[in-house]
Amino acid sequence: MTRRSCAIYATGIVCAHLLILGIALLVAQVFQTMIQERIKKEITLAENSRVLEGWINPPPPVYMQYFFFNVTNSDEFLAGKEKPKVTQIGPYTYREYRPRENVTFLENGTKIFATNPKSFVFLRNMSSGDPAVDRVITVNIPFIAVMNELNSYSFFLRSAVSMWMGSMGIEVFMNRTVHEVLWGFKDPLLSKLHAMRPEVDEHFGLMYNKNGTHEGEFVFHTGEKNYMDYGKIDTWNGISQMNWWSSNQSNMINGTDGSVFHTFLSRKELLYIFAADLCRSIHLAYVADKEVKGIPAFRFAPPSDVLAPPDENPSNAGFCVPAGDCLGKGVLKVSVCRQGAPIVVSFPHFYQADKRYINAIDGMNPNEEEHETYLDINPVSRRFVILLLFFLFSKTKFLNETIFPIMYVNETATIDDESAAQMRMLLLIVTVMSNFPVIIVGLGVILLVVLIFLVCRNRQRKTTKDETAYTQVSNQAEDSPENRTNQPLRNGSYIAMSPVEAQKC
């Protein structure tokens, strides 16, 4: 056997083995399964693991941006001459620190207890102004809260109380610094109530007592039993179901706290987040594929049915408290978990809300790019708006129910450059390992092409040899056919090129 034949046979054998092995691995998905099982095992809140360390002290910086709505025509509005006009001011940006504390493993490592205190540090370079200097005219929430408590009493009593508060200079709108509205101030009305009822706190602020405190005690699933449960909340403040809403489904505590999710997310699934600020769980649906810092990600966002009225989404009927007392599309009343304060939540500028809420306030400009709440996995961006539902009494010519914007919060956490570089390298390794069977099949196909080339070339060589060629070498001129017939054959007259003809010579 010649070296050429050996090369052809060797190429064919290697090609066959690579194709068979590669196709078998592709069909069996051995590498994909092996990698998935490895990742599922690693991505758990196991003791002394790197995942646990990152969960306790998240590396991406979290920023809280507060935007306020400044009322520019409070007198005209109270006189019933104009609808309220507001201008947006901000952002006032704070760096949020949220380490987990009191971490304790439960039930053989399948669950973990933790608190999540949050502290805020103001960042002047990322803010539009100084919250201690900038002032904002906004709704006097303590005033509205007191009037809301008197809603069941007679009109004359409410008017008398309103006049009494007016005599003390307490009005429907207040002019305070951004810092006071956000972090708290000693309110004159609450101070009067505190003197009569000591349990009433005389301070008020939208984020009062929330700097350095936590939202409750959480028990999470570690993912040891089932990777799909990684990060899911088991209990919050010792309960697995709330009691504020009017249905069991609405009272369920579903999903994670929004900081982590299980691996191998699907575009078809819904992500559930329990938001303590909203007093409920919300779901997010897949929107589009995105890329952040070179990392492919899925974008999830709340669909319009999250804050839809019961006639559009019957499962939201439980959020109407008391039962049947529902607001319109895009807003949710959370008074039940705000100590009775008439607080309503929506997306910024009434994004995805009923047009009547948008048209009632001059200065609302909702748009998807700026006001959509979304989550890119890995990067995170969550936006919510705090609004106030209040009733005007003595200062207007007629009673008017208005959902009035106070502020909204833009909370962002983007993966840092170092973590992004590590993740890109990890994704590259996972991609190569997952596609290893494809690489094997590709090599097999290349060798198959080489094999076909070698076989065709070898056959071409044999065909050339089989077709014998003769060349006349006699110097004698050709005679007539008769002379050539009578001329005897002589050695050297013709050269035979094939082995067969050579033997005849």
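Brief remarks on what is shown
- For region 60-415, the fraction of 1.4 Å probe accessible surface lying on carbon and sulfur atoms is 50 percent.
- Nitroxide proxy distance, nm - points 7 Å out along Cα→Cβ at residue 51 and residue 417: 2.9
- Accessible area (Å², 1.4 Å probe, nearest 10) - residue 362: 70
- Proximal charge balance of residue 191 [Cβ under 13 Å; K/R count +1, D/E count -1]: 0
- Global form of region 226-319, assessed from the alpha-carbon gyration tensor, a/c cut-off 1.5: oblate
- Solvent exposure of region 60-415, expressed per residue, is 45 Å² of accessible area, with all protein chains present and a 1.4 angstrom probe.
- In order along region 429-442, phi translates into HN-Hα couplings of 5, 4, 5, 5, 5, 5, 9, 4, x, 5, 4, 5, 4, x Hz, rounded to whole numbers, per the Karplus curve 6.51 cos²θ - 1.76 cosθ + 1.60 with θ = phi - 60° and x for Gly and Pro.
- Rotationally averaged projected area of region 60-415 (alpha carbon convex hull; nm²): 19.1
- Note on surface exposure: 246, 74 rank 246, 74 by accessible area, highest first, 1.4 Å probe.
- For region 211-220, 3J(HN,Hα) per residue [Karplus equation, 6.51 cos²θ - 1.76 cosθ + 1.60, θ = phi - 60°, Hz, x = Gly/Pro]: 8, x, 10, 10, 8, x, 9, 10, 10, 10
- Highest mean first, the peptides 402-411, 419-428 sorted by other C-beta atoms within 10 Å per residue fall in the order 402-411, 419-428.
- When peptides 438-448, 285-295 are ranked by their average number of other Cβ atoms within 10 Å per residue, the highest-first order is 438-448, 285-295.
- Charged neighbours of residue 363, selected by a Cβ distance under 11 Å, balance to +1 (K, R count +1; D, E count -1).
- Rounded accessible area of residue 87 (nearest 10 Å², 1.4 Å probe): 60
- With the charge dipole of region 60-415 set up from +1 on Lys and Arg Cβ and -1 on Asp and Glu Cβ about the Cα centre, the Cα lying farthest toward the positive end among the listed residues 235, 264, 327 is that of 327.
- Of the residues 87, 205, 160, the one whose Cα sits farthest toward the positive end of the charge dipole of region 60-415, with +1 on the Cβ of Lys and Arg and -1 on the Cβ of Asp and Glu, is 160.
- Note that region 154-164 has calculated 3J(HN,Hα) couplings of 5, 4, 5, 5, 5, 5, 5, 5, 5, 5, 4 Hz, one per residue in order, obtained from phi through the Karplus relation 6.51 cos²θ - 1.76 cosθ + 1.60 (θ = phi - 60°); glycine and proline are x.
- The charge dipole of region 60-415, taken about its Cα centre with unit charges on the Cβ of Lys, Arg, Asp and Glu (plus for the first two, minus for the last two), comes to roughly 320 debye.
- Residues residue 10 and residue 115, FRET efficiency given R0 of 60 Å [Cβ-Cβ distance, rounded to 0.05]: 0.35
- Relative contact order computed over region 101-225 (Cα-Cα under 8 Å; 6+ residues apart), in percent: 38
- For residue 234, residues with placed amide H under 5 Å, excluding near neighbours: 219, 220, 221
The values are calculated or read from the model by the stated rules, or taken from the named source; none is laboratory data. Every value quoted in this text rests on a predicted model; they were computed, and no experiment measured them. Note that each Cβ is placed from the backbone with ideal geometry, even for glycine, and that neighbours are counted across all protein chains shown. For the accessible areas, the whole protein counts, side chains as well, though only heavy atoms, and no ligand, DNA or RNA atoms are used. Shrake-Rupley method; radii C 1.70, N 1.55, O 1.52, S 1.80 Å.
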